[in-house]
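Okay, structure first, notes after.
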Amino acid sequence: MGYTISQKIIKDHLLSGEMKAGEEVSIRIDQTLTQDSTGTMAYLQFEAIGVPRVKTKLSVAYIDHNTLQTGFENADDHKYIQTVTSKHGIRFSRPGNGVCHQVHIERFGVPGQTLLGSDSHTPTCGGIGMLAIGAGGLDVAVAMGGGPYYITMPKMVRITLKNKLAPWTSAKDIILEVLRIMTVKGGVGKIIEYAGDGLEFLTVPERATITNMGAELGATTSIFPSDDVTKAFLKAQDREDVWTEIKADEDAVYDEEIEIDLSTLKPLIAKPHMPDQVVTVKEIAGIKVDQVCIGSCTNSSLFDMLKVAAILKGHTVNPDVSLAIAPGSKQVFNMLAECGALADMIAAGARILECACGPCIGMGQSPKTDAVSLRTNNRNFYARSGTASASIYLVSPEVAAVAAITGVITDPADFGEPPVVTMPDSFKVNDNMVIMPSEDPSEVEVVRGPNIKPFPVNTALKDEVDGKVLIKLEDNITTDHIMPSNSKLLPFRSNVPHLANFCLTPCDEKFPERAKENGGGFIVGGANYGQGSSREHAALAPLQLGIKGVIAVSFARIHMANLINNGILPLTFKDAADYDKLGMLDELIIRDARAQVEAAVSGKPVIVTNKTQGYDFETVLAISERQCGMLLAGGLLNYTRERS
Ligand code: MIC
Ligand code: SF4
């Protein structure tokens, strides 16, 4: 039996386990990336592990999220990351150099290698045939120290793309179509591989848009083969030497198959507040638009920006629209400037932002009350823009640029001829914004500003775990609900005690207070609890508030790993009807918790007693031996310390 693309890469990097879907395997990590909003914590944890020098082939720390410097906090974190990385052998991508995923695929990604990033959109590098996975900061810290990365061996999905995209449709429409078909929970426990004759027409930046937004499916990762298109891209980046061909074997077996005829796709749009609420642009054309944001790690390549500039050329942004454009990297920005496309954007009235995440994560450009904002980003979760009453729609750069001119959601076919843009034969390569680590680490003093506070570390699991139901939530709760991020909160990513005061407040403002009053307790969630970001803070803030367990209908992959890494029990209802029975402030107790957790490894249910209502119910704790060890120890750090 042949192998799929990702099975080949996993096989090459396999350290333990059997490559059978559902089994835990561990792999060697070649490269890591961090960004600043999760990076500060990842490096604090790396320091706590105590490995002097990273053991990966390459590790890069990017500064791209917290670039609004409205106080000293973000700048302090930048300095900490710059010095800690210099000391420990990590390259430092300075603020201004661009969004981590865009820069990484341009300058560092290598087909066939593994990449672990403390950001859920790390799979972007799957666009060049890299096995790129998003994880919590602690997992990345362990990988930097040379430790294995554990995943549940995913199922394999093949999406065959046939034919060529029709005019005015682009890569964003492909991934929106996939989201429409599979939904935001459809990729959980799966790797999505792309195949078909349509691939030859898709450039690397287009492929990267698709793998990037595979994160919104909940997939472990997404990947394209490494082929001639990949080779041409790497050559244009002056990196042809890292190219190798990687493709699935003819007889590779997939668990699921989807086919999309690209020629039939229409321009699509995801409605508020979920990336899978997809309809055609035509269906909702005419809605008045207040803001358009073009950029983010999904759609900020030179290719995208050139299309936008071509559409804007000679027009003026509609008087009722604010158009913000953030090129994805310094390379993109520079090339836009040199070819004159930037001048076309400026002349049209675009507000040019620095090369960073910016509006995507609510760092500025929060729209007005009740605004309609069209964005090329990957997420339109509730309140993420910083304006809770705003409606965020996700679209391609083409649809975004057209709406910026017309002032209403417009089917671009009604606008005119589509722009024709080609990829350059060579990109402007200049890595002067990447600082190499110090050759003499003993000389480097790690600078810690006053904003950097110790992070909470759990204690060993008690024999009796008890507490009240502190909140009961619906399906698809995102990490943006659990630990909101915006310009006011992001500066505190290295200050968990402060952040904890905002935990789950988009769902219930009183939650932090209630958790504190009751000395912690349980969170009850619906399906796909914790989808979205890799932010560990969505586990650390509950830990700070004394949360002992989350009982949900199901969990998103990265968040579940983050809970276990921090010693919080992630339990799922054996019978979903038990979700309905639980009442707010019901008092729960897990007796013989340590023994029950140990027995869960062999598939035994964990019995939870509802003391208030007087009944027992069964939950599932789907963990491996290793994860059991972590839960007993009170998290990965304790577990690692105990064993070293
Ligand atoms: C996001 O898109 O939500 C982020 C901000 O990039 C996160 C990381 C974070 O929360 O800092 C992610 O996707 O992992
Ligand atoms: Fe940055 Fe947005 Fe991409 Fe997250 S999704 S890495 S916030 S641009």
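The values are calculated or read from the model by the stated rules, or taken from the named source; none is laboratory data. If you're wondering where the values come from, they're calculated on a predicted model, not measured in any experiment. Because the Cβ atoms are built from the backbone with ideal geometry, glycine has one as well, and the counts that use them run over all protein chains shown. Areas reflect the complete protein model, heavy atoms only, side chains present, ligands, DNA and RNA absent. Shrake-Rupley method; radii C 1.70, N 1.55, O 1.52, S 1.80 Å.
Normalised per residue, the accessible area of the chain is 34 Å², obtained with a 1.4 Å probe and no contribution from ligands, DNA or RNA.
In debye, nearest 20: dipole of the chain around its Cα centre with unit charges on the Cβ of K, R (+) and D, E (-)?
1040
Every Cα-Cα pair of the range 135-197 was included, and the share exceeding 17 Å stands at 58 percent. Close amide H contacts of Ser322 (hydrogens built in the peptide plane, cut-off under 5 Å, sequence separation of 5 or more or a different chain): Gln291, Val292. For the range 201-214, backbone phi angles converted through the Karplus equation (6.51, -1.76, 1.60; θ = phi - 60°) give residue-by-residue couplings of 8, 9, 6, 4, x, 5, 4, 5, 4, 6, 5, 4, 7, x Hz, Gly and Pro being listed as x. Sequentially through the range 504-514, phi angles give Karplus couplings (6.51, -1.76, 1.60; θ = phi - 60°) of 6, 5, x, 8, 7, 4, 8, 4, x, 5, 5 Hz, Gly and Pro residues having no value and appearing as x. Counting only alpha carbon atoms, the long axis of helix 397-406 and the longest principal axis of the chain meet at about 70°. Packing order of peptides 627-640, 577-590, 339-352, highest average first: 627-640, 339-352, 577-590 (average count of other Cβ atoms within 10 Å over each peptide's residues).
Dipole check for the range 549-609: with +1 at the C-beta of Lys and Arg, -1 at the C-beta of Asp and Glu, and the Cα centre as origin, the magnitude is about 220 Debye. Once Lys and Arg get +1 and Asp and Glu get -1 on their Cβ, which of Gln31, Gln69, Ser300 lies farthest toward the positive end of the dipole of the chain? Selected residue: Gln69. Computed from Cα positions, the angle between helix 36-49 and the longest principal axis of the chain comes to roughly 40 degrees. Bridgeable lysines around Lys288 (alpha carbons under 21 Å apart, same-chain partners fewer than 8 residues away excluded): Lys266, Lys271, Lys368.
Here the chain has 49 percent of its accessible surface on carbon and sulfur atoms, given a 1.4 Å probe and all protein chains in place.
Once the convex hull of all Cα atoms in the chain is built, its volume per residue stands at 138 Å³. When the convex hull of the Cα atoms of the range 488-644 is projected onto a plane and the area is averaged over all directions, what value comes out in nm²? Result: 9.5 nm². Based on Cα atoms of the range 270-340, Rg over Rh with Rh as the Kirkwood radius reads 1.01. The lysines within cross-link reach of Lys307, meaning a Cα-to-Cα straight distance under 17 Å and a gap of 8 or more places when in the same chain, are Lys172. For the chain, the longest principal axis of the alpha carbon atoms and the long axis of helix 302-312 meet at an angle near 60°.
Backbone phi angles across the range 581-587, fed through the Karplus curve with coefficients 6.51, -1.76 and 1.60 (θ = phi - 60°), yield HN-Hα couplings of 5, 5, x, 4, 6, 4, 8 Hz in residue order; Gly and Pro are listed as x.
Note: relative contact order over the chain, using C-alpha pairs below 8 Å and six or more positions apart, is 14 percent.
Computed across the range 184-307, the Kirkwood radius stands at 16.8 Å (inverse of mean 1/r, all Cα pairs).
Measuring nothing but how far apart in sequence close Cα pairs (under 8 Å, 6+ apart) lie, relative to its length, the range 242-342 scores a relative contact order of 23 percent. With r as the distance between the Cβ atoms of Lys428 and Met1 and R0 = 45 Å, compute the FRET efficiency 1/(1 + (r/R0)^6) and round to 0.05. Working from the Cβ atoms, E equals 0.50.
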